[in-house]
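What follows is calculated from the coordinates using simple rules that are stated; it is not laboratory data. Bear in mind the structure is a predicted one, so any value in this text is a computation, not a measurement. Neighbour counts are summed over all protein chains in view; Cβ atoms, including those assigned to glycine, are modelled from backbone coordinates with ideal geometry.
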Amino acid sequence: MPIIRESELDIVSYSADQTRALGMRLGALLRKGDIICLIGDMGAGKTVFTSGLGLGWGATTPITSPTFNLVHQHRRASDRTVLYHLDCYRLRGAQDADSIGLDDILDSEGVVVLEWAERIETALPKEHLWIEIRVREENRRNLLIEAVGARYQTLLDEFRASLTRM
């Protein structure tokens with residue numbers, strides 16, 4: 001019996017630059033309506049990964065932590081699609097998701113990236129890409145990526161294939 005299922009991918013990153021590069025690979029594959037859920041301890045690298053994701057996706061502005069604003073919007077020049085970057089750290093549960101307009105954001109057909117997604121997990125659509133980033137050592141991170149739903153299995157398969165060219 002395999003330890004990792006087909007719907008999962010376990011990656012070790014040995015630096016912030018490598019974590020950002022992994023984000024860039026995934027970002028290049030994102031489409032309108034994709035939902036990326038990030039979890040991990042403070043300082044694990046969620047925003048580093050997301051900054052790479054934004055670069056790969058084509059954001060025209062740098063992605064930084066949205067902790068104080070909760071929601072940042074980024075556009076890309078090629079088609080003006082919006083990437084919503086949400087920080088759910090200060091939310092106490094699914095009931096707080098309304099306070100940041102989560103339903104409107106999810107209905108917008110933009111790309112949605114949620115840090116601390118576990119805090120509002122019950123408010124999220126059933127299908128998404130779930131990424132847990134764990135600190136293993138000072139410069140080593142473990143990224144466990146799980147596809148939930150057919151679109152996200154396809155995305156995970158494309159991401160896995162892109163890593164063979166890394």
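Computed quantities for the displayed model
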{"item": "The chain: calculated mean residue ellipticity at 222 nm from DSSP helix runs of at least 4, using -39500 (n - 2.57)", "result": "-8000 deg cm²/dmol"}
{"item": "Of T47, A150, T164, farthest towards positive along the dipole that unit charges on Lys, Arg, Asp, Glu beta carbons give the chain", "result": "T164"}
{"item": "The chain shape via C-alpha gyration tensor axes, a/c threshold 1.5", "result": "rounded"}
{"item": "Pairwise centroid distance, computed over Cα atoms, of the range 1-78 with the range 96-148, Å", "result": "10 Å"}
{"item": "For a label point 7 Å along the Cα-to-beta-carbon line of R140, residues of the range 12-49 with backbone N under 16 Å", "result": "12-16, 18-19"}
{"item": "For V48, net neighbour charge (Lys/Arg +1, Asp/Glu -1) across residues whose Cβ lies under 10 Å away", "result": "+2"}
{"item": "Protection proxy ranking, peptides 96-109, 17-30, average beta carbon neighbours within 10 Å, highest first", "result": "17-30, 96-109"}
{"item": "Antiparallel %, DSSP beta bridges [both residues in the range 12-163], to 5", "result": "55 percent"}
